[in-house]
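**Q** Take a look at this one; I'll ask things after.
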Amino acid sequence: MTDGRIVDSDVESRFPVLHKFVPAARENLDDGAWDYLIGGAETETTQKRNRMALDRLAFRPRVMRDVRSLKSTASFLGRDLTLPVILAPIGSLQQFSETGGAGISQAAGRFGAIHMLSSVCQPGLEAVADAAPDAARIFQLYVRGDAAWVDGHIDRAIDKGYMAFCFTIDLDYYGRRERDKAKGFLSVARQTQAEGEEYQRSFNWDDFKRIRDKYDIPLILKGIATAEDAEIAVKEGCDAIYVSNHGGRQLDHGRGGAAVLPEVVQAVDRKARIILDGGIMRGTDLVKALALGADAVGIGRLQGLAFAAAGIDGVVHMLNLLELEVQTVLGNLGVTGYDELTPAHVFQEPDVVNMPHALSAFPLIEEGY
């Protein structure tokens, strides 16, 4: 049987390190698609703080440990994974590569990660499931209809074998993404989301309780950014808390995801699983998140860069490179797996990036992207 993680030799040689995906993606994308992938809301302060929150975490390595055998695999909601990675929902994947959401699910299945499919991503719920029936898939919904409309999507997801169902809850009002507006770019996702926005704005805890009482499928709430909301979510039966600020694309001047994580971990108190996204671009970022108490990380922009640069093989190879980085970090920290990580492995230090931005995790690329 062919190992699905093996990629075309040309892809492997062209992208020996993660930052090589950036110029290739930029070359393949027009200005509108590039700005949609890279940009944030208004001043992009929240986006910058996502990176700053990660960059300020320094490691406290322990030495003289036997680290010959490393385990970088994990499980999440009952699925065994090569890495604790969720390929985060992106609404316009089809603008990066023609296979769209189907291609990302196939890549996730080949590597052993999870794909969270956006409800505004083509080719849609059923077609993606048919294209990657064995992949670990979660369906993410923007609420654009009444209770019957929502239940219809849950029923369809269950019928097609999605392992969990996620509601994004930080998009009541679509963020002012000024890169897009200044150039007149309107993404396919935005065109779709504009219909029925009043339903998202009225979606509340009573609605979630009704759904929890009706369905057994694991439920995830994406967009939680405070301990207070995390505590309510756990009380109402949420299975996984997804700490996210939409990649800095919604509310400007928010806190960085990694800065929010500790208070959420404390509030959840192991009663639910925790996902963190927001600026995750390197193996060091993943390890920092798990040291602070996350169970998995969501990867958005890096996913899009790899997909735009080299399609499905690009995403698989990106995950292979990420795995190598993670293993290097674990071994040099003096641990053999995530279960040995604790908050004591990280420490707050001044960051060394003068102006953090979406690509500041890759200081070796040329400026101008």
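**Q** Rounded, prolate or oblate, given the Cα gyration tensor of segment 301-369, with a/c below 1.5 counting as rounded? If you can, show how the numbers build up before the last one.
**A** On the way: a/c = 2.88, a/b = 1.26, b/c = 2.28.
Oblate shape, in that a/c is at least 1.5 and b/c is the bigger or equal ratio.
**Q** Counting only protein heavy atoms and using a 1.4 Å probe, what share of the accessible area of segment 273-369 belongs to carbon plus sulfur, as a whole percent? Mind dumping the intermediate values first?
**A** Working: 1890 of 3460 Å².
The value for segment 273-369 is 55 percent carbon and sulfur by accessible area.
**Q** Taking the chain as a Gaussian network, where each spring joins two C-alpha atoms under 10 Å apart, which residue of 99, 168, 328 fluctuates the most?
**A** Maximum among the listed residues: 328.
**Q** While we're looking at this one, here's another question. Please compute P(r) over all alpha-carbon pairs of the chain, binned at 20 Å starting from zero, and give each bin as a whole-number percent.
**A** 31, 62, 7
**Q** Still on this structure: What percentage of the solvent-accessible surface of segment 1-107, computed with a 1.4 Å probe over protein heavy atoms, is contributed by carbon and sulfur atoms? The partial results should precede the final answer.
**A** On the way: 2340 of 5170 Å².
Reported share for carbon and sulfur atoms: 45 percent.
**Q** Separate question: I'd like to check one number: the per residue accessible area of segment 111-225, probe 1.4 Å, reported in Å² as a whole number. It would help to have the intermediate numbers written out before the result.
**A** On the way: 4950 Å² over 115 residues.
Value for segment 111-225: 43 Å² per residue.
**Q** Where only protein heavy atoms count, and the probe is 1.4 Å, what is the accessible area per residue for segment 1-76 in Å²?
**A** Working: 4290 Å² over 76 residues.
Here the residues of segment 1-76 average 56 Å² of exposed surface.
**Q** Taking Cα centroids, how far is segment 96-171 from segment 303-369 in Å?
**A** Distance between centres, Cα-based: 26 Å.
**Q** In sequence order, what are the phi-derived ³J(HN,Hα) couplings for segment 201-218 according to the Karplus relation 6.51 cos²θ - 1.76 cosθ + 1.60 with θ = phi - 60°, rounded to whole Hz, with x for glycine and proline?
**A** For segment 201-218, the Karplus-derived couplings read 5, 9, 5, 9, 5, 5, 4, 5, 4, 4, 5, 4, 5, 8, 10, 9, 4, x Hz, x marking Gly and Pro.
**Q** Can you give the relative contact order of segment 185-305 as a percent, counting alpha carbon pairs under 8 Å and 6+ residues apart? Spell out each step's value before the answer.
**A** Working: 160 pairs, mean separation 24.2, N = 121.
RCO, segment 185-305: 20 percent.
**Q** Now for a different question. Taking the Cα centre of segment 10-72 as origin and charging only Cβ (+1 Lys, Arg; -1 Asp, Glu), how large is the dipole, in debye to the nearest 20? Each step should come with its number before you reach the end.
**A** Values: 12 positive and 10 negative charges, 171 e Å.
Approximately 820 debye in magnitude.
**Q** Which whole-number percentage describes the relative contact order of the chain, with Cα contacts under 8 Å and a sequence gap of 6 or more? Walk me through the numbers on the way to the answer.
**A** Values: 730 pairs, mean separation 106.1, N = 369.
Computed value for the chain: 29 percent relative contact order.
**Q** Separate question: Quick one: compute the contact order of segment 127-175, relative version, from alpha carbon pairs under 8 angstrom and 6+ residues apart, as a percent. If you can, show how the numbers build up before the last one.
**A** Working: 37 pairs, mean separation 23.7, N = 49.
That works out to 48 percent.
**Q** Could you tell me which of rounded, prolate or oblate describes segment 227-293, using a ≥ b ≥ c as the square roots of the eigenvalues of the alpha-carbon gyration tensor, with rounded for a/c under 1.5 and, failing that, prolate when a/b is larger than b/c and oblate otherwise? Present the calculation step by step, with values, prior to reporting the outcome.
**A** On the way: a/c = 2.08, a/b = 1.31, b/c = 1.59.
The shape class here is oblate.
**Q** Further question on the same structure: Taking all protein chains in place and a 1.4 Å probe, what share, in percent, of the accessible surface of segment 136-238 do carbon and sulfur account for?
**A** 47
**Q** Report the charge-dipole magnitude of the chain in Debye, nearest 20, computed about the Cα centre from +1 at each Lys and Arg Cβ and -1 at each Asp and Glu Cβ.
**A** On the way: 40 positive and 52 negative charges, 140 e Å.
So the magnitude is around 680 debye.
**Q** Moving to a separate point now. Once you have a ≥ b ≥ c as the square roots of the Cα gyration tensor eigenvalues for segment 185-304, tell me rounded if a/c is under 1.5, and otherwise prolate or oblate according to whether a/b is larger than b/c.
**A** Oblate shape, in that a/c is at least 1.5 and b/c is the bigger or equal ratio.
**Q** Calculate, for segment 262-369, the solvent-accessible area per residue in square angstrom, rolling a 1.4 angstrom probe over the heavy atoms of the protein chains.
**A** Values: 4260 Å² over 108 residues.
Averaged over the residues of segment 262-369, the accessible area is 39 Å².
**Q** Sticking with this one: Please work out how many pairs of lysine residues in the chain are eight or more positions apart (or on different chains) and have Cα atoms closer than 24 angstrom.
**A** Taking the Cα cut-off of 24 Å, the pair count is 21.
**Q** A further question follows. Summing +1 for each Lys or Arg and -1 for each Asp or Glu, what net charge is found among the other residues whose Cβ lies under 11 Å from the Cβ of residue 305?
**A** Details: positive: 20, 26, 301; negative: none.
Around residue 305, the surrounding residues sum to +3.
**Q** So which trypsin sites (Lys or Arg not before Pro) in segment 18-126 are both in a DSSP loop and have at most 11 other Cβ atoms within 10 Å of their Cβ?
**A** Numbers: sites: 20, 26, 48, 49, 51, 56, 62, 65, 68, 71, 79, 110; in loops: 56, 62, 65, 68.
Sparse-neighbourhood loop trypsin sites (Lys or Arg not before Pro): 68.
**Q** Can you find, among 117, 142, 53, the residue farthest towards the positive end of the dipole of segment 53-183? Put +1 on the C-beta of Lys and Arg, -1 on that of Asp and Glu.
**A** 53
**Q** Can you give me the three principal axis dimensions of segment 73-201 from its C-alpha atoms, in Å, biggest first?
**A** For segment 73-201, the Cα extents along the three principal axes come out at 42, 34, 24 Å.
The values are calculated or read from the model by the stated rules, or taken from the named source; none is laboratory data. This structure is a prediction, so every number in the text was calculated from the model and none was measured. Neighbour counts run over all protein chains shown; Cβ positions are idealised from the backbone, glycine included. Note: accessible area is taken over every heavy atom of the protein model, side chains too, but ligands, DNA and RNA are not part of it. Shrake-Rupley method; radii C 1.70, N 1.55, O 1.52, S 1.80 Å.
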